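Written below as C-alpha cells is the structure these notes are about.
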Ligand code: FEO
C-alpha cells in the first residue's frame, strides 16, 4: 500500500490488523481493524498518532512513508492524541530511530507516556486551544475530549485543510485498503462500515457516551471539512454522517433505542432452547425486527452491538446452581459495564430442582434502569401453556416498543 494524499502536504498512512486477533484482547475482528496515522508537512513535519508493534504495523507504516520519500527519522513532531497501546505500543522503538522527535500530548498523556514507555525527554503538554505552527500555512490546534476514549484523549485539527484528526472518536472496525474515503465506498461497503462502526462503538466507546455528546458539542465550532479517525475510513464527502451516527449511538444510552429487540439465549440441555422460537414468533407477530444471539457459542461483541441499539432485550437462560446460567451472567456483566441502560426487558428460562436465576438477574441489573416484563419460568420441560405465554410475552414486548416510538 501507498500513502494516500488527503490535502496538500497531508497524507494518510495506515496499518491493517488481520482477522484472528482480538481487539483489546477480547473483541473479535473477523474483518480486521486499521490503525491510521497522518502526516502533516509544513516547514516542520508532524506524524499524528502511531501504532502498536502488532501484525507488522510499524513495517506497514514505514513502507507507506517510503512511498512519499519519508522515514520515521524525518518527523519533527509526534502528536499523540490518545495513549491506549494500539496507538503508542511502538513508541519506544520510534524514539530510538528518531531521538530528536518532540512528542506532543495532553498533561495526562505525558504521565502515560512515562508509565507505558518510560519516556520523559522531549515530551510536551498541550491543552485545549493550544496551537502548533508547522510553517507553510500548516497550523495544528488541539482540543481535549476526555474519556473518548481515555481521560487523556484529545483531537487535533489542521485549519488550512479543515481536517479533524479524531483518533478513536468516529472510528470503526474493519481493514482499510486502497479505498480510504467515504465517497469511494460502494453501498455494500457503506453498509459494512455502518455495522462495524456500531459494533466498535458498543464494544469500545459505549461506556463513555455522555462524554461523546460533550465532545461533539465541544467540536461544533470547528469548520470540519474532513474527519480522519485512527480506525476505519476517512470521512471526506460528508463528515456529518459519522458525527450524527455517533450522536445517535450515544443517545441509545438515554433510551432512544431503535424499535428492535435483541434476544440473547443460552441453554444447557435444550429445555430453554425449545422456547426461544415461541418468543421469536411472538415478537415477529408484531412485525418488530429481532436479532438472536446464542452464548457462549458466540462472543458477546455482536449481542452487545445489537442490544445497544435495540429498545428491547430478551434473555433466555436456565437457572444454574440457584443463579443465572453463567455464560448469560457474563453478558449481563458486560452490559452493566458498558451501560446498556433504559431498555424494556423480558426474561424466560427453565429450572431443574430449584429456581433462582430470576432473583439473581434482578439483583444484578437493578442499576440499569430497565423496565421488566413479568418473567416466564418453568420446571423441566415447557408445556403448551408455557409456549403460549412465551409467544404472548414476546408480542407484548414488541407492542411496548412500538408504542414508545
Ligand atoms: Fe484505538 Fe482507545 O484506542
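None of the figures in this text is laboratory data; all of them are computed from the coordinates on show. In this text, all values refer to a predicted model and were calculated from it rather than measured experimentally. With ideal geometry, Cβ positions are generated from the backbone for all residues, glycine too; neighbour counts draw on all protein chains shown.
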Sequence gap at least 6, Cα distance under 8 Å: using those rules, report the relative contact order of segment 4-252 to the nearest whole percent. 17
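Within 10 Å, count the other beta carbons around each residue, average over each peptide in 178-188, 103-113, and list them highest first.
Numbers: 178-188: 13.0, 103-113: 20.9.
Those peptides, ordered most packed to least, come out 103-113, 178-188.
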Rg/Rg_ref, segment 86-175, where Rg_ref = 2.2 N^0.38 Å and atoms are Cα: 1.13
Can you give the relative contact order of segment 245-383 as a percent, counting alpha carbon pairs under 8 Å and 6+ residues apart? 27
Could you state the angle between the C-alpha long axis of helix 107-117 and the longest principal axis of the C-alpha atoms of the chain, as a value from 0 to 90 degrees rounded to the nearest 10? 90
Just to confirm the number: angle between the C-alpha axis of helix 273-284 and the first principal axis of the chain, 0 to 90 degrees, nearest 10? 80
With a/c under 1.5 counting as rounded, go ahead and sort segment 198-276 into rounded, prolate or oblate using the C-alpha gyration tensor (a ≥ b ≥ c being the square roots of the eigenvalues; past the cut-off, prolate if a/b is larger than b/c, else oblate). prolate
Is the shape of segment 293-405 best called rounded, prolate or oblate, per the rule: a/c under 1.5 gives rounded, else a/b larger than b/c gives prolate, else oblate, with a ≥ b ≥ c the square roots of the Cα gyration tensor eigenvalues? oblate
Ranked 97, 261, criterion: other C-beta atoms within 10 Å, fewest first: 97, 261
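Peptides 391-397, 292-298: what's the order by average Cβ count within 10 Å, highest mean first?
391-397, 292-298
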Taking square-rooted eigenvalues a ≥ b ≥ c of the alpha carbon gyration tensor, is segment 1-66 rounded, prolate or oblate, where a/c under 1.5 means rounded and, failing that, a/b exceeding b/c means prolate? prolate
Nearest 10 degrees, 0 to 90: helix 239-252 Cα axis against the chain principal axis: 40
Using the 2.2 N^0.38 Å rule of thumb for compact globular proteins, work out how the chain stacks up: its C-alpha Rg over that value, please. 1.11
Can you give the helix-only mean residue ellipticity at 222 nm for the chain, where every DSSP H stretch with n ≥ 4 adds -39500 (n - 2.57) and the sum goes over all residues, rounded to the nearest 500 deg cm²/dmol? -10000 deg cm²/dmol
